[in-house]
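One structure is given here, and the rest of the page talks about it.
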Amino acid sequence: MDAATFLIQCLNSLQYGLLLFLVASGLTLIFGIMGVINLAHGSFYMIGAYMAYALAPIVQSTFGGGFFATLLAGLVLAVLLGYGLEWAFYSYLYRREHLQQVLMTYGLILVFEELRSILVGDDVHGVQAPAILAGTLPLGDVMTYPVYRLFVSGVCLALAAGMYLVFTRTRLGMMIRAGSTNREMVQSLGIDISFLYRVVFAAGVAIAALAGMVAAPISSVYPGMGNLVLIICFVVVVIGGIGSIRGALLASLLIGVVDTFGKVLLPAAAGVLVYVLMALILLWKPEGLFKAG
């Protein structure tokens, strides 16, 4: 492996790991902070990807906007979707057993898949990257790297920094951290914990949908794409530590390196290397890399 190929694989592993963090961070918020096993989280990623495909012509014809306007419109719709779902369904699950959470959220997967099939069909669709990000950067004499992949990495890094600031430097972050450990205490202090959880859930849905929207030009849009990402997101949450944002970031980057270089160096075993990594880390630290916070 020459230097240019190694550099490209490093960039690929960074981009994949950061994109994985973008999806898994929303699951960390919902699963780690609110205590709900949300099997439908992958569906929110799928919904985001299909919104990038379906909203583009509507936004273009109505507002004259392009890819970035579509991202903004999709984020607004994702926040509204998350807020409505939490009010209608998830608010009843906080004190229920995990089996009931699994059954209801799995039912939502079936509903979302059927709605997707009815509204946009079962074909594979492509989403075009914006023209301003459609170029490539030279790496060596022969190889190049897509500018859009660097843009995706930049979006993920900006979100990670924003989440860190919100959770560690704002009053909202303080209330969320307190509500994740002692719901009754937060309520006794006069904080509307139901509204707080609704905001957290809407943010988790919006983050997953954003990941699907920015990933659509890279991976295309196809049925069942949410189910594939869900399993690896739970691996991220378990490795990083349930409820830990920084743990999710580190775990995502580790998985990105292991998966990307595994496919290049050990393609026959690439499918299991991530789970071997999870097993080794849990043997070393059963609670994950970091505690919640």
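From VAL205, VAL200, which residue is over 30 Å from ASP123 (Cβ atoms) and either over 18 Å from the mean Cα position of the chain (by Cα) or β-branched (Val, Ile, Thr) (or both)?
Matching residue, one of VAL205, VAL200: VAL200.
Regarding ALA178, is this residue free of Cβ contacts under 8 Å to residues at least 40 places away in the same chain, buried (at least 16 other Cβ atoms within 10 Å of the Cβ) and over 12 Å from the mean Cα position of the chain (by Cα)? Walk me through how you get there before you give the answer.
Values: free of Cβ contacts under 8 Å to residues at least 40 places away in the same chain: yes; buried (at least 16 other Cβ atoms within 10 Å of the Cβ): yes; over 12 Å from the mean Cα position of the chain (by Cα): yes.
Here the answer is yes, as ALA178 does meet what is asked.
Matching residues to (1) within 21 Å of the chain's Cα centre (by Cα); (2) over 17 Å from ILE231 (Cα atoms); (3) among the hydrophobic types (A, V, I, L, M, F, W, C):
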{"residue": "ALA251", "(1), (2), (3)": "yes, no, yes"}
{"residue": "ILE255", "(1), (2), (3)": "yes, no, yes"}
{"residue": "VAL258", "(1), (2), (3)": "yes, no, yes"}
{"residue": "PRO267", "(1), (2), (3)": "no, yes, no"}
{"residue": "LEU289", "(1), (2), (3)": "yes, yes, yes"}
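Can we say ARG171 is surrounded by 15 or more Cβ atoms within 10 Å (Cβ to Cβ) and at negative phi? The answer is no for ARG171.
When ALA216 is tested against (1) modelled with pLDDT of 90 or more; (2) aliphatic (A, V, I, L, M); (3) in a loop (DSSP other than H, G, I, E, B), only condition (3) is not met. Scanning segment 121-140 turns up no residue that is free of Cβ contacts under 8 Å to residues at least 12 places away in the same chain, over 18 Å from PRO223 (Cα atoms), part of a loop (DSSP other than H, G, I, E, B) and over 19 Å from the mean Cα position of the chain (by Cα).
So in segment 258-277, with the set limited to residues that are more than 16 Å from CYS10 (Cβ to Cβ) and in contact (Cβ under 8 Å) with a residue 40 or more places away in the chain, which one is surrounded by the fewest Cβ atoms within 10 Å (Cβ to Cβ)?
Of segment 258-277, the ones more than 16 Å from CYS10 (Cβ to Cβ) are 266-277.
Applying the additional criterion that residues be in contact (Cβ under 8 Å) with a residue 40 or more places away in the chain yields 274-275.
Details: VAL274: 20, TYR275: 13.
Result: TYR275.
When segment 10-39 is filtered for residues that are within 21 Å of MET163 (Cβ to Cβ), among the hydrophobic types (A, V, I, L, M, F, W, C) and not in a helix (DSSP H, G or I), only VAL36 remains.
Could you please let me know if ALA160 is of a type in the set (Gly, Ala, Ser) and modelled with pLDDT of 90 or more?
Numbers: of a type in the set (Gly, Ala, Ser): yes; modelled with pLDDT of 90 or more: no.
Considered against the rule, which asks whether it is of a type in the set (Gly, Ala, Ser) and modelled with pLDDT of 90 or more, ALA160 comes out as no.
Considering only segment 238-257, state which residues are under 11 Å from VAL274 (Cβ atoms) and free of Cβ contacts under 8 Å to residues at least 60 places away in the same chain. Selection gives ILE239 alone.
Against the definition (part of a helix (DSSP H, G or I) and farther than 21 Å from VAL205 by Cβ), how does LEU103 come out, yes or no?
Working: part of a helix (DSSP H, G or I): yes; farther than 21 Å from VAL205 by Cβ: no.
No: the conditions fail for LEU103.
Could you go through segment 247-267 and let me know if any residue there is assigned to a helix (DSSP H, G or I), touching a Phe, Trp or Tyr at 6+ places or on another chain (Cβ under 9 Å), within 19 Å of VAL124 (Cβ to Cβ) and among the hydrophobic types (A, V, I, L, M, F, W, C). No, the conditions are met nowhere in segment 247-267. In this structure, does ARG95 turn out to be basic (Lys, Arg), surrounded by fewer than 18 Cβ atoms within 10 Å (Cβ to Cβ) and either touching a helix residue (DSSP H, G or I) at 6+ places or on another chain (Cβ under 9 Å) or within 19 Å of GLY26 (Cα to Cα) (or both)? Spelling it out, it is not the case that ARG95 is basic (Lys, Arg), surrounded by fewer than 18 Cβ atoms within 10 Å (Cβ to Cβ) and either touching a helix residue (DSSP H, G or I) at 6+ places or on another chain (Cβ under 9 Å) or within 19 Å of GLY26 (Cα to Cα) (or both).
The values are calculated or read from the model by the stated rules, or taken from the named source; none is laboratory data. Just so it is clear, the model here is predicted, and its values are computed rather than measured. So basically every Cβ, Gly included, is an ideal-geometry build from the backbone, and we count neighbours across all protein chains shown.
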